[in-house]
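The values are calculated or read from the model by the stated rules, or taken from the named source; none is laboratory data. The shown structure was predicted, so the numbers you read here are calculated from the model rather than taken from an experiment. Positions of Cβ are backbone-derived with ideal geometry, glycine not excepted, and every protein chain shown enters the neighbour counts. Quick note on the areas: whole protein, heavy atoms, side chains included, nothing else; ligands and nucleic acids left out. Shrake-Rupley method; radii C 1.70, N 1.55, O 1.52, S 1.80 Å.
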Amino acid sequence: HVLQVACVYGNLTEHLIRRLDPQAYLSVIDVAPVQIKNLHEKLGDQHQVTILQQDASHMAFADASQDATLVFFLLHEMPVEVRRKTITEALRVTKPGGKVIFVDYHKPAASSPFRYIMVPILTTLEPFAMDLWNNEITQWLPPRDGLYTHIDKQTYFGGLYQKLVITR
């Protein structure tokens, strides 16, 4: 059971579906009805996929019901308190030993040209994106209390993007 939190533009979901084991199952949630509709139209009938309208900060999944949870370019769209709740929910619904993967913006290295190009774009179009430049995702994690055992962080494109993998 894999959970994709938020529909995304492009073909990420199609790539995930192609990588699913024949017995695996993908659930995709999004708060916006238009995103749900668009993904239904994009995917057509997929027997291994369920698309649900849900708020990422209040998921309707049982505790420890997902083997992996992917939060792809969503945190930068959320105010801090909603971001904290979403991160907590992603950890809650993921099984012990499972992975919670966050992919989002990150502050590029000083030598990266992206650092200077993206500031006006993000500050104009993405009001919460600069939070991810000025803070670590780990800052918004709930107290460890057995919720996770390992954190691995990698950055890409001169540090503009990050992938944080938390082992539950």
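Observations on the model:
- Test result for residue 67, open to solvent by 30 Å² or more (accessible area, probe 1.4 Å), touching a Gly at 6+ places or on another chain (Cβ under 6 Å) and either closer than 27 Å to residue 131 by Cβ or not hydrophobic (A, V, I, L, M, F, W, C) (or both): yes
- Search result, residues across the range 62-118 that are polar (S, T, N, Q) and farther than 14 Å from residue 162 by Cβ: 65, 66, 69, 86, 88, 94, 111
- A single entry from 27, 57 fulfils the requirement of being open to solvent by less than 80 Å² (accessible area, probe 1.4 Å), part of a loop (DSSP other than H, G, I, E, B) and at pLDDT 95 or above: 57.
- Sole residue being more than 14 Å from the chain's Cα centre (by Cα), of a type in the set (Asp, Glu) and over 14 Å from residue 103 (Cα atoms), chosen from 45, 55: 45
- Remark: residue 143 matches the filter, which requires a residue to be without any contact (Cβ under 8 Å) to a residue 12 or more places away in the chain and either outside any helix (DSSP H, G or I) or touching a helix residue (DSSP H, G or I) at 6+ places or on another chain (Cβ under 8 Å) (or both).
- Conditions (1) in contact (Cβ under 8 Å) with a residue 12 or more places away in the chain; (2) open to solvent by 30 Å² or more (accessible area, probe 1.4 Å); (3) over 12 Å from the mean Cα position of the chain (by Cα): number failed by residue 34: (1)
- The range 37-54: number of residues that are open to solvent by less than 30 Å² (accessible area, probe 1.4 Å) and assigned to a helix (DSSP H, G or I): 2
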